[in-house]
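Structure record follows, encoded as structure tokens.
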Amino acid sequence: MADWLSITDAAARLTALGDSIDRSTLSRYLKQHAEALPVRREGRSGLVEFEALVVHRRENIRVEQKPAPLLTAPASAGANAVADATAKTQSVGAARKALADAELREMDLAERRRELTPTREVDESGRGSVVLMQSAFDRAIEPMASECAIKYGWNERQVRLVLKSYARIGLDMFHRVMLQHLDAMASEAELVQDDLVEDGALAVTS
């Protein structure tokens, strides 16, 4: 049965295997190789088949794999094995929390510097653009209809109706496409935010 993991967990497990990679880098890697490594959506999380990911990176990237742990260990080494496993878990958890905190701080700083535009502002600007385009079309239709009537002998009223219909269809198409892009941006932003918060929460409980 395929082992599907979130991008965050997949990055942590790859790192534990010796393929050191953070979540952002892995996310970009999956986008670059989307045909070979499809990401399955489950709620707001993206899942990747871990075994296929390991094979793909082994074939495409030089990774020094850590030797597989022994299935059995001497009884005298049991306490040391437990201590090592606990220390490793705490280390991975601390690293994930540090990464999540750093990315959240980077996003906050970028927004304060106006390098990151909130989706809300993009939405407001887009709606304002629709209003400005409507006004521009309205101003252009009257002289254009008059010019066509004089130049081609067309009925000015009918030309005006055709131009208004054309402008309305164009604005509707633009508005619909703009809303689709805004929805996609909002979903991506929420997914990244949720993943960062999840990383921090998991690290705290580790």
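The values are calculated or read from the model by the stated rules, or taken from the named source; none is laboratory data. Note that the structure is a prediction, hence the values are computed from the model and not measured. Don't worry about glycine lacking a Cβ; one is built from the backbone with ideal geometry, like all the others, and counts go over all protein chains shown.
Structural remarks
- Selection status of SER45, at pLDDT below 90, surrounded by 11 or more Cβ atoms within 10 Å (Cβ to Cβ) and touching a Ser or Thr at 6+ places or on another chain (Cβ under 6 Å): yes
- Each residue in segment 39-60 was checked for being in a loop (DSSP other than H, G, I, E, B) and touching a strand residue (DSSP E or B) at 6+ places or on another chain (Cβ under 8 Å), and 1 pass.
- You will find that of ALA100, ALA94, ALA83, the residue that is modelled with pLDDT under 80, touching a helix residue (DSSP H, G or I) at 6+ places or on another chain (Cβ under 6 Å) and in a helix (DSSP H, G or I) is ALA100 and no other.
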